[in-house]
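Heads up: the structure comes next, in structure tokens.
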Amino acid sequence: MGQYDPGSQTREQFEVRFGLPREVKFCKICNITNQRPNSVNEYQHSVDSKKRTIAINEDGVCAACVNKEKQHGEVDWKAREQELWTLLEKYRRHDGRYDCIAPGSGGKDSIYASWLLKYKYKMNPLTVTWSPHLYTDVGWRNFQGWIHKGGFDNFLFTPNGKVHRLLTRLATLNLLHPFQPFILGQKTYVTKMCAQFDIPLAFYGEMPGEYGTSDGIANADERKFASATGSGFSMDMYGGQDKMDLFLGGEQVKNIVEKHGINVADLNAYFPLNPAIAREKQIDIYYLGYFEKWDPQECYYFSVDKTGFEANPVRTEGTYSKYNSIDDKIDGYHYYTSWIKFGMGRAMQDSSQEVRNKKITTEEGRALIKKFDGEKPARYHQEFLEYVGLTDKEFMALCDTFRSPHLWARVNGEWKLRHTPGKDGVDD
Ligand SMILES: [Zn+2]
């Protein structure tokens, strides 16, 4: 069994933070932890927010695996493809205007999605990019390859660097979530570009169901992104809410304005699209992954072939893979902080997906998690610390304040996870 404190506390007495499930379980197929949060409404994400997490059913199987099994089995992909042709006919334009938007930063999935739309389905997509915090060299080359070799029109939006850095610092201090400003901006940017250019159709690649999430709210149409405001929650939930009351970086906008002397106009890029505009423009966002079978490894081979996509020459820190999320110098910290908060690191994320796609076995996944999960990123560490304005000591002390006692134990002066995936979802 795992490393329980030898003291007098029992499992029932450990404090559980962030509203996570007290009992830690792992999917018996893909090894994902039941502590993995579903995406939240980031605009209400404060220090006190409670998480909703991935469901593991009574057979010990997670929602993502249940979903994937359906795709391997009962989905009629030919019929889905036909469904997509029919949908596209509704939006196709013959006058030279763009007829859909394909967002991305030049990663393998965005390359695959935009390629399908343009060259297989003969649409006229506009690609749009919300810049990473700090492009890596390989990420920048892949982005350039996408546009130049792939042959796409693109708008690259780079948010105000000072404001973005402040929000990243706040999100790190308040939520240990340095990636949040990117997530916020990237989602809302797509819908704003739809509105701006009168393009009522956009496509994300992978479905959130691939990861067992549901965008945090029930959506009647599983093919579609839940909201056209780009906020990840329904328009009615946002409707009527004052901008000043929303949260960015875990801090209320009115505080950001008052305490940090930021002009509200400088935060505009992060706010969701006005719901009235979204309604008027009838913007629809679909997941291409609903219509086309999505396999990250196949997307990788595809993008190497079509646009000269480069993987990292060395293994990505915290995992064994070389081609997932490699365009932002902050990427590694997204996964590292997730390991601190939820006990789910980058190797668990990568391997669980590969188990579901039948590239590796459950046991291989476990071995990879054991070997790589929680490795602290080093390559861009100095740049990351400078970006968020912390010393290494401050950052590590901050991390410690986000370790939920039901997940972590202090053993011989070192932090250890109390639970790691073992056989049938029991502790190793
Ligand atoms: Zn699973």
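Taken together, the values in this text are just the output of simple stated rules run on the coordinates, not laboratory data. Keep in mind it's a predicted model, so treat the numbers as computed, not measured. Cβ: placed from backbone, ideal geometry, glycine included. Neighbour counts: every protein chain shown.
Please order S338, S352, S404 by the number of other Cβ within 10 Å, starting at the fewest. Each step should come with its number before you reach the end.
On the way: S338 22, S352 30, S404 19.
Ascending Cβ contact count within 10 Å gives the list S404, S338, S352.
What is the sum of charges, Lys and Arg at +1 and Asp and Glu at -1, for the other residues whose Cβ falls under 12 Å from the Cβ of G104? Before the final figure, lay out each step's value.
Numbers: positive: K108; negative: D109, E206, D327.
It works out to a net charge of -2.
About its Cα centre, what dipole magnitude does the chain give when the only charges are +1 on Lys and Arg Cβ and -1 on Asp and Glu Cβ, stated in debye to the nearest 20? The partial results should precede the final answer.
On the way: 56 positive and 57 negative charges, 58 e Å.
About 280 debye.
Rounded to the nearest 0.05, what FRET efficiency is calculated for T391 and K122 with R0 set to 51 Å and r the Cβ-Cβ distance?
Details: r = 54 Å, r/R0 = 1.05.
So the FRET efficiency works out to roughly 0.40.
Take the cross-link list K51/K281; K51/K224; K50/K254; K28/K376; K120/K329; K187/K306 and give me the ones stretching past 30 Å between alpha-carbons.
On the way: K51/K281 32 Å; K51/K224 23 Å; K50/K254 22 Å; K28/K376 27 Å; K120/K329 33 Å; K187/K306 26 Å.
Result: K51/K281; K120/K329 exceed 30 Å.
Output the antiparallel fraction of DSSP beta bridges having both residues in the stretch 77-291, as a percent to the nearest 5.
On the way: 3 of 17 bridges.
Antiparallel bridges make up about 20 percent of those DSSP assigns within the stretch 77-291.
Which angle from 0 to 90°, rounded to the nearest 10, does the C-alpha axis of helix 77-91 make with the longest principal axis of the chain?
The answer is roughly 50 degrees.
7 Å from Cα along Cα→Cβ at both Q382 and K90: what's the point-to-point distance in nm?
Using points 7 Å along Cα→Cβ, the separation is 5.4 nm.
Would you mind working out the magnitude of the charge dipole of the stretch 36-158 relative to its Cα centre, with +1 at each Lys and Arg C-beta and -1 at each Asp and Glu C-beta, to the nearest 20 Debye? Provide the component values of the computation, followed by the final result.
On the way: 18 positive and 15 negative charges, 63 e Å.
In debye, rounded to 20, the stretch 36-158 gives about 300.
Once you sort the root eigenvalues of the Cα gyration tensor of the stretch 39-108 as a ≥ b ≥ c, which label holds: rounded (a/c under 1.5), prolate (a/b larger than b/c) or oblate (the other case)?
On the way: a/c = 3.15, a/b = 1.36, b/c = 2.31.
Taking the square roots of the gyration eigenvalues as a ≥ b ≥ c, the stretch 39-108 is oblate.
Would you mind telling me the antiparallel percentage of the DSSP bridges in the chain, rounded to 5?
Details: 12 of 26 bridges.
Close to 45 percent.
Where in the stretch 303-326 is the amide nitrogen less than 16 Å from a point lying 7 Å along the Cα-to-Cβ axis of Q144?
Taking a point 7 Å out along Cα→Cβ of Q144, the residues of the stretch 303-326 whose backbone N falls under 16 Å are 307-311.
Taking the beta-carbon count within 10 Å as an exposure proxy, list H419, H334 from fewest neighbours to most. Before the final figure, lay out the partial values.
Numbers: H419 24, H334 20.
Final ranking by Cβ density, sparse to dense: H334, H419.
Over the chain, with a Gaussian network built from C-alpha contacts below 10 Å, which listed residue (G145, G249, G332) shows the highest mean-square fluctuation?
G145
If each residue's Cβ is checked for other Cβ atoms within 10 Å, how do T391, T33 rank with the fewest at the top? It would help to have the intermediate numbers written out before the result.
On the way: T391 9, T33 28.
With the sparsest Cβ surroundings first, the list reads T391, T33.
Holding the Cα-Cα limit at 23 Å, pick out from K90/K118; K78/K358; K118/K192; K108/K162; K149/K322 the pairs that are longer than that.
Numbers: K90/K118 16 Å; K78/K358 21 Å; K118/K192 21 Å; K108/K162 29 Å; K149/K322 21 Å.
In this structure, K108/K162 exceed 23 Å between Cα atoms.
Express the relative contact order of the chain as a whole percentage, based on alpha carbon pairs under 8 Å and six or more residues apart in sequence. Walk me through the numbers before you get to the answer.
Values: 763 pairs, mean separation 104.2, N = 428.
Value for the chain: 24 percent.
Between the DSSP loop rule and a limit of at most 15 other Cβ atoms within 10 Å, which trypsin sites (Lys or Arg not before Pro) in the stretch 142-191 are left?
Values: sites: K149, K162, R165, R169, K187; in loops: K149.
Qualifying residues, ordered by number: K149.
Between R17 and D48, what is the label-to-label distance in nm when each label sits 7 Å out along the Cα-to-Cβ direction?
Taking the simple label geometry, R17 and D48 are separated by 1.7 nm.
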